[in-house]
Amino acid sequence: LAPWIPVVGLEIHAQISSNSKLFSGSQVQFAAPPNSLVSFFDASLPGTLPVLNRRCVEAAVMTGLALNCHINKKSLFDRKHYFYADLPAGYQITQQRVPIAVNGSLSYSLCIDNKMSQMVTKTVRIKQIQLEQDSGKSLHDDTRSQTLVDLNRAGVGLMELVMEPDMCCGEEAAAAVRELQLILQTLGSSQAVMAEGQLRVDANVSVHHPGEPYGVRTEVKNINSIRFLAKAIDYEIQRQIQELGNGGTILNETRAFDSKLGCTIPMRDKEGKQDYRFMPEPNLPPLILYDAKSLPANMNHQQVINIDWIHERLPDLPSVKREKLVEQYGILPEHSFTLL
Amino acid sequence: MRVLSLGRWLRAGRVPPRGRVRLNSGHRHSGHRPQAPPQGPAQVPPRKVSVEVLDHLEHLALVDFRDSEGVERLQKAIQFADQLHEVNTDGVEPMDSVLEDRCLYLREDDVTEGNCTKELLENARETVEEYFVAPPGNIPLLKLEEQNTYLQGSK
């Protein structure tokens, strides 16, 4: 019997740690009275316009640099259209054509055989990092057949990190996300607490036989912790192997992870393949970033973001801190992982 | 089989350019003047829009073409826009915003807005304890076969 090769790719949304939202001046705060942190722009009232928050751009650049990405000196904003009650504008402002950072990598470590004694380093490629808006929150009231909408979260800045499908199991995904969490927290670009929705992970899973093309992939959502991430991915891999082994087929669908049952179930409300009708955001000119060489002479400093300046001020990343601990105190590498 | 995007569909059936007009490349300061465009509207043949595409558009944009006049208006609009294919744009970077030489203004990360719950909720027909009320999830449009509309009749 030919072995199955699982393929796992992650799409991660990290809420940017900032005082105000990506395109408006309303506050970013977890757990506030409903609809109290909402500006006219966030509620999508006619006549309002987006104004980009400098801090969010800096957070994205820092993150891109820490993940060895190429920072695009010119990036563009687009509209992604779809209808949902928590998206009052009917579109999300994102960066589909030219995102702010591309082609990076994230290195993480795994223990072999569950023993801390042997650690192996793996790398997952980062396809891109883009700036985009978060949507509001929907509370489903099934008894009264209605949805309650709170727009406090609508418009909060997000960094979407797209990883290439370089991983093969739940354990690798969990380790990668843990390391990413540490990096984001060290940089301060996101607090990355999954329980508060500051870090959301969707997993794309497929299986195929060696030498054959990649199988149909499913997208798994509603994963609320790193532990559940590993469980959901491993369950989905097994489900697909079983289904294919019984002669069935895998549908290209979105599935939700049910943490109580420990399984994935098809999500309702997904009407086949969505056509997002991407179009350039007409209210935002291209985002131009500078470095030491291209710095314009006579521009207001507040309006200029210098990539090199940010690079010089990056704090030591966790991997560097671990190395320093090993060097300075002579501890074992695996112990440096316990500490950091 | 639904066509995924009207734009893609238009590109697939390109009208071959007649009497190529080379417009200046997007550079403002190059000093070249564009040649005069052809006189009058180009003779572009009208194209029928398939029922599948119309149905797809109705789902996407939540419009209702309602009757033959609505569909006819759409076809005329496409025909009008098709004139753009007369222009040779080889090697020209598409312009997607007239703001291309403007600086994107960067705002300082200060809290300056919000706290207007009462005002915002005034616009809502129905609210529950400071939440907006919406139907339970998206109510999908009926599939074409199940509808009783003009499009269904015209299949």
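Of the trypsin sites (Lys or Arg not before Pro) found in the stretch A:280-322, those that fall in a DSSP loop while having at most 13 other beta-carbon atoms within 10 Å are A:LYS293, A:ARG313.
Entry note, the protein assembly as shown: the mean residue ellipticity at 222 nm calculated from DSSP H runs of n ≥ 4, each adding -39500 (n - 2.57), is -7000 deg cm²/dmol after division by the residues and rounding to the nearest 500. Which net charge results when you count Lys and Arg as +1 and Asp and Glu as -1 among the other residues whose beta-carbon is under 10 Å from that of A:SER109? Around A:SER109, the charge tally is +1.
Ranking A:PHE40, A:PHE228 from most to least accessible surface, computed with a 1.4 Å probe over the protein chains only, gives A:PHE40, A:PHE228.
Of the beta bridges in the protein assembly as shown, as assigned by DSSP with both residues counted there, near 85 percent are antiparallel. Surface listing: B:GLU129, B:GLU58, A:GLU243, A:GLU11 arranged by accessible area from highest to lowest gives B:GLU129, A:GLU243, A:GLU11, B:GLU58, probe 1.4 Å.
Given the pairs A:LYS137/A:LYS221; A:LYS21/A:LYS73; A:LYS21/A:LYS137; A:LYS127/A:LYS231; B:LYS48/B:LYS76, which span a C-alpha to C-alpha distance of over 18 angstrom in this model? Over 18 Å Cα-Cα: A:LYS21/A:LYS73; A:LYS127/A:LYS231. Might you tell me the accessible area per residue for the stretch B:66-145, computed with a 1.4 Å probe and given in Å²? In whole numbers, the stretch B:66-145 has 74 Å² accessible per residue. Note on A:16-29: average number of Cβ atoms from other chains within 10 Å of each residue's Cβ is 4. For the stretch A:69-166, the fraction of C-alpha pairs more than 19 angstrom apart is 60%. Of the trypsin sites (Lys or Arg not before Pro) found in the stretch B:65-141, the ones in coil according to DSSP and having at most 13 other Cβ atoms within 10 Å of their Cβ are B:ARG66, B:ARG102, B:ARG125.
The per residue volume of the convex hull around the alpha-carbon atoms of chain A is 173 Å³.
Spin-label model, A:SER145/A:PHE83: points 7 Å from Cα along the beta carbon direction are separated by 1.8 nm. Computed extension length for A:ALA297-A:TRP309: 2.8 nm, one decimal, from 0.36 nm per residue of separation with the Cα-Cα distance subtracted.
Once A binds B, the 1.4 Å probe can no longer reach about 4200 Å² of accessible area, counting both sides.
If you take all other residues with their beta carbon under 12 Å from the beta carbon of A:GLY90, and give Lys and Arg +1 and Asp and Glu -1, the sum is +2. Could you compute the FRET efficiency for A:ASN224 and A:ASN103, with r as their C-beta to C-beta distance and R0 at 45 Å, rounded to 0.05? Using R0 = 45 Å, I get an efficiency of 0.90. Within 10 Å of the Cβ of each residue in A:85-93, the mean number of Cβ atoms contributed by other protein chains is 1. Near A:ALA203: Cβ cut-off under 14 Å, other residues only, Lys/Arg at +1 and Asp/Glu at -1. The net charge is -3.
What FRET efficiency would be calculated for the residue pair B:LEU62, A:HIS335, taking the C-beta separation as r and a Förster radius of 45 Å, to the nearest 0.05? That pair, B:LEU62 with A:HIS335, gives E of 0.15. If R0 is 45 Å, the Cβ-Cβ spacing of A:ILE5 and A:LYS73 corresponds to a FRET efficiency of close to 0.75. Legend: residues B:ASP82, B:ASP90, sorted from most to least accessible area (1.4 Å probe; ligands, DNA and RNA excluded), read B:ASP90, B:ASP82.
The values are calculated or read from the model by the stated rules, or taken from the named source; none is laboratory data. Computed from a predicted structure; not experimentally measured. So basically every Cβ, Gly included, is an ideal-geometry build from the backbone, and we count neighbours across all protein chains shown. Accessible surface is based on the protein model in full, side chains and every heavy atom, while ligands, DNA and RNA are left aside. Shrake-Rupley method; radii C 1.70, N 1.55, O 1.52, S 1.80 Å.
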